[in-house]
Amino acid sequence: MEQLIEEYAKRLKLSWIRQHYHEVEASSNEEFLLKLMEQEVQQREERKTNLLLSQSQLPEVPSVPFIWDEIDYTQGLTRNYFLEGEFLSKKENLIFYGGVGTGKTFLSTLIGLNAIQSSAKNIKFFTVANLVNRLLDAHEKGTIGRFHKQLEKLDLLILDELGFIPLHKQGAELLFQVISLCYERNSLIITTNLRFGEWNHVFGDPILTEAVIDRLIHHSHLVVFKGPSHRMKESLLQN
């Protein structure tokens, strides 16, 4: 009997039930069946969440709380708008602007984590430099179409550190293709230390820069990080 139960559970891909059904105690057949299904569903949801977290490539979250008083955002928005992912359902973008070390990556990571853990959203985190390198490599290998299809499946694409390095012409054009691909299909979070008027230093072409900004700001909210560099503050405290 036990061998048959394990065999059928294996064929039905009920891994928790196959391993633990004999540990469940219940006062009726209905309660026994309910407990089995609850545990199987819970394990599947945990596996899915762990897989999404692993695939997201999100950086580690600092062990300190995020300081909300040090950011400015559009009147009428709330913390829940960010943390509960309301902008995702509207396919809106968030543009985080501020100096180095002011918490832009911190908040974008918090948003990504919450979206995965609460809603099982498909998230991917890249620095702009890393994404451009991936795009150039895929273009050279002839797999750019496959890479684009992977990006199309995302609910949120986080692009960190726009403005840290200027892009070569081909890299800038490939990044523009990704931004166009996401337009009104997926949400973007972009962190940058540059005002829009300085983005031409990154893309190197005023027409391309204008096209990038036009697509981003159509459905977006600008969040300004006005606090001091937390990394600088921590470094000073340690000395």
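The values are calculated or read from the model by the stated rules, or taken from the named source; none is laboratory data. These figures come from a predicted structure and were not determined experimentally. Quick reminder, even Gly has a Cβ in these numbers, built from the backbone with ideal geometry, and neighbours come from all protein chains shown. SASA here: full protein model, heavy atoms, side chains in, ligands and nucleic acids out. Shrake-Rupley method; radii C 1.70, N 1.55, O 1.52, S 1.80 Å.
One table, with the values for the structure above:
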| read-out | value |
| --- | --- |
| Solvent exposure ordering (accessible area, 1.4 Å, most first) of M1, M37 | M1, M37 |
| Net charge, I207 excluded, C-beta distance under 14 Å - Lys, Arg +1, Asp, Glu -1 | -2 |
| Separation in nanometres of the label points that stand 7 Å from Cα toward Cβ, at E184 and E7 | 5.6 |
| Percent antiparallel among DSSP beta bridges (both partners in the chain, rounded to 5) | 10 |
| Degrees between helix 206-217 axis and first principal axis of the chain (Cα, 0 to 90, nearest 10) | 40 |
| Note, ³J(HN,Hα) from phi for the stretch 223-228, Karplus 6.51, -1.76, 1.60, rounded to Hz, x at Gly and Pro | 10, 9, 9, 10, x, x |
| The stretch 144-158 - phi-based ³J(HN,Hα) in whole Hz, Karplus 6.51/-1.76/1.60, Gly and Pro as x | 4, x, 5, 5, 4, 5, 5, 5, 5, 7, 6, 8, 8, 10, 9 |
| Note, ³J(HN,Hα) from phi for the stretch 39-53, Karplus 6.51, -1.76, 1.60, rounded to Hz, x at Gly and Pro | 5, 5, 5, 4, 5, 5, 5, 5, 4, 5, 4, 5, 5, 5, 5 |
| Amide H contacts under 5 Å for H221, placed H, 5+ residues apart | N93, L94, I95 |
| Straight-distance crosslink candidates among lysines, where the alpha carbon sits under 28 Å from K226 and sequence neighbours closer than 8 are dropped | K90, K91, K104, K124 |
| All aspartates and glutamates inside 19 Å of K149 as judged from Cα atoms, apart from same-chain residues fewer than 8 positions distant | D137, E140, E173, E184 |
| Lysines whose Cα lies under 30 Å from that of K10, excluding same-chain neighbours fewer than 8 positions away | K35, K48, K121, K153 |
| Amide H partners (placed H, <5 Å) of L154, local residues excluded | none |
| Rounded, prolate or oblate (a/c below 1.5 giving rounded, otherwise prolate when a/b exceeds b/c) for the stretch 108-173 by Cα gyration tensor | oblate |
